[in-house]
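Data first, discussion second: the structure below is written as structure tokens.
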Amino acid sequence: MVNEKHLFIIVGLLVMGFVGFMLADSGSRASSQADGTGGSGANMQVGDASVKEFVITASKFKFEPSTIEVNKGDRVRLTLKNADGAHGIGISEFGVDLKAGEGEEKTVEFTADKEGTFSFNCNTYCGSGHIDMTGKLVVKGSGSSGQLAQAGAEQVITLRGTPYGYDKTQITVKAGSPVRLDFSADPAAGCGRQIIVDNVGVNLVSKNGETVSATFTPPSPGQYKYHCSMNMFRGVLTVV
């Protein structure tokens, strides 16, 4: 009888110990999953610290900030915040085409995989000062300016905006030498009073018929599109 009683007590203690262990282990695992420190269902961190974020506020007729700088290869998150009216941001080289109404915010992400200075503009007509809404995205390389050496004489080209378009839609220059663009426009040319040359940072406005100029060296041979901010007037600069 004594041995049976002892055996019953021992078995009872073992059962109680096993149940207690299982309850403690279950509680520990639940706590671990809740705070994300263990278990197959642990929470994973989201977001990428390498993303560079910029908020650009648009109002009549300006962007703040109007210049942003990143490094080549950066992932860029760009938010357009409209303070008044309807505005947008267009950066054709990176496929950016944001449009937002008054009080709205719109966001886009892209990779800055091209080096250089890129103009951006308001791509939604917003009134008489529309063509003045411009800015620059500067993408820096790893110690290189991305431009050819400025060897040779300066090449001078003239271009005029008219109510019917630019007076030249095809221009050819030589690679390796600086180019001076002299631009003027008929005051009645509307959007044609502006010229943007992609990939070289040129953005000129001739408001009252005056001649305005910019000097640049194309980064490499190829074709560079030029256009007004609404892309109504267009042409091609060919570098050979």
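Bridging of Lys52 to lysines at a Cα separation below 29 Å is possible for Lys60, Lys62, Lys72, Lys81, Lys99, Lys106, Lys114, Lys136, Lys140, Lys225, once same-chain residues fewer than 8 apart are set aside. If you take the Cα centroid of the range 71-139 and the Cα centroid of the range 155-225, the two points sit 21 Å apart. Using θ = phi - 60° in the Karplus curve 6.51 cos²θ - 1.76 cosθ + 1.60, the 3J(HN,Hα) couplings for the range 69-80 round to 10, 9, 9, 4, x, 5, 8, 10, 10, 10, 10, 9 Hz; x is entered for Gly and Pro. Note on Thr107 and Thr211: the model spin-label points, each 7 Å out from Cα along the C-beta direction, lie 4.8 nm apart.
Listed from fewest to most Cβ neighbours within 10 Å, the set Arg193, Arg75 follows the order Arg75, Arg193. List every residue whose amide H lies under 5 Å from the amide H of Ala185, counting only residues 5 or more places away in sequence or on a different chain, with H placed 1.01 Å from N in the peptide plane. Residues meeting the criterion, in which the H sits 1.01 Å from N, are Gly161, Gly209, Glu210.
Counting 0.36 nm for each residue step from Thr57 to Thr162 and taking away their Cα separation leaves a gain of 34.6 nm. Residue order for Ser128, Ser206, fewest other beta carbons within 10 angstrom first, comes to Ser128, Ser206. Under the combined filter of DSSP loop state and at most 12 neighbouring Cβ atoms within 10 Å, the range 149-240 retains these chymotrypsin sites (Phe, Trp or Tyr not before Pro): Tyr164. Anisotropy class assigned to the range 51-206 is oblate, per the alpha carbon gyration tensor with a/c at or over the 1.5 cut-off and a/b no larger than b/c.
As a proxy for reagent exposure, ranking Asp182, Asp113 by other Cβ atoms within 10 Å from fewest up yields Asp113, Asp182.
Here Gln170 and Lys114 are evaluated by their C-beta separation; at R0 = 30 Å the FRET efficiency comes out at 0.80.
Tell me, what is the FRET efficiency for Thr238 and Asp84 to the nearest 0.05, using R0 = 30 angstrom and their Cβ-Cβ distance as r? E(calc), rounded to 0.05, equals 0.15.
Every read-out reported here was derived from the displayed coordinates using simple, explicitly stated rules and does not represent laboratory data. What you are looking at is a predicted structure, and each value in this text was computed from that prediction instead of being measured. As a convention, Cβ positions derive from the backbone with ideal geometry for all residues, glycine included, and neighbour counts pool all protein chains shown.
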